[in-house]
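The block underneath contains the structure these notes are about, expressed in structure tokens.
Nothing in this text is a laboratory measurement; each read-out follows from the coordinates by a stated rule. Only a predicted model underlies this, so the values are computations on that prediction, with no experimental measurement involved. Because the Cβ atoms are built from the backbone with ideal geometry, glycine has one as well, and the counts that use them run over all protein chains shown.
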Amino acid sequence: MKYKSVFIIIAISLVYDALGFLFEYAHYEIGVITGKELLLVSLSLKVISVLILIKVYFKSKSNEPIS
């Protein structure tokens, strides 16, 4: 359950990926939002999720007993 927030962030970034590729392929625009901006948001969300995973991993490693 400690990875639930990371999975939600990854799912949201995949939605942004799909919309970004659709907008980029079809040359759609909603106001000033284009496919490149959606892909950039998706990339930044993936970077955030990787940083959260690293933080959770090292936090769980520090709680293990030293043998």
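Things worth noting here:
- If you go through region 1-26 and pick out every residue that is surrounded by 17 or more Cβ atoms within 10 Å (Cβ to Cβ) and within 13 Å of Glu37 (Cβ to Cβ), you end up with 5.
- Filtered residue count, region 27-67, keeping only those that are among the hydrophobic types (A, V, I, L, M, F, W, C), more than 27 Å from Lys4 (Cβ to Cβ) and surrounded by fewer than 12 Cβ atoms within 10 Å (Cβ to Cβ): 3
- Odd one out for Leu43 among (1) within 30 Å of Tyr57 (Cβ to Cβ); (2) in a loop (DSSP other than H, G, I, E, B): (2)
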